[in-house]
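The values are calculated or read from the model by the stated rules, or taken from the named source; none is laboratory data. Note that the structure is a prediction, hence the values are computed from the model and not measured. Cβ sites come from the backbone with ideal geometry, for glycine too, and all protein chains shown count toward neighbours.
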Amino acid sequence: MNLIHSYDMKLETPDCFPGTDWYRAVVNLKDDITDALPYLNAELEGADYDAQAKVLLWKAGGIKYAFRPDEIVIAPVQEREEARRTAGEIIQTVNDIWKRKDEIEPNYESRKPPPKVLDIYRILPKTNCKECGSPSCMAFAAALRNDTVKLTLCPYLSKQEYSELTS
């Protein structure tokens, strides 16, 4: 049985990016999906769930999703047809996961936030050698925190020390 039976969708220009050439799709749900959020958290790899706020964030294929009890926000989308297709696909995903809920162990845990830039910087050599491709160790720390570079680019960063920061 489907959890989501119907919805409305609208495209918006994000307030934080006025004049941008992309949109966000706001999918207003007629059905409450609160009970599905822990199951989505268990099944969607890399999801970040905040049970208290009743929001689940997920990124896949360059698209970010925010699931709330009565809406799903999708961004970026370029035009209405892409938004309609992506909304249909994510609604189908939610319904598919919901149909299998008896086979899934719900996950109520939140993902640990990434370490602070200064905490990463403290375990770097602080030599600004540029071997990683960044102009400084601080720039590398910021890029690593934002997940835009890989840990292995710094030949002096201990994987063990970094994993201690993130676990």
Filter the range 41-57 down to residues that are within 22 Å of Q92 (Cα to Cα) and loosely packed, with under 15 Cβ neighbours inside 10 Å and give me whichever is modelled with the highest pLDDT.
E45
Please give the number of the condition P115 fails out of (1) in contact with a Lys or Arg (Cβ under 6 Å, 6 or more places away or on another chain); (2) touching a residue at least 24 places away in the same chain (Cβ under 8 Å).
(1)
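A quick yes/no check of all residues on (1) loosely packed, with under 12 Cβ neighbours inside 10 Å; (2) closer than 18 Å to K10 by Cβ; (3) modelled with pLDDT of 95 or more:
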position: L29; (1), (2), (3): no, yes, yes
position: D32; (1), (2), (3): no, no, yes
position: A36; (1), (2), (3): no, no, yes
position: Y39; (1), (2), (3): no, no, yes
position: K59; (1), (2), (3): no, no, no
position: V73; (1), (2), (3): no, yes, yes
position: A87; (1), (2), (3): no, yes, yes
position: K101; (1), (2), (3): no, no, yes
position: P115; (1), (2), (3): no, no, no
Of all residues in the range 1-54, which are of a type in the set (A, V, I, L, M, F, W, C), within 17 Å of R84 (Cβ to Cβ) and not in a loop (DSSP other than H, G, I, E, B)?
M9, L11, A25, V26, V27, L29
Contact list please: Cβ distance under 6 Å, first residue in the range 26-46 and of a type in the set (F, W, Y), second residue in a helix (DSSP H, G or I), pairs at least six apart or on different chains.
Y39/I97; Y39/K101
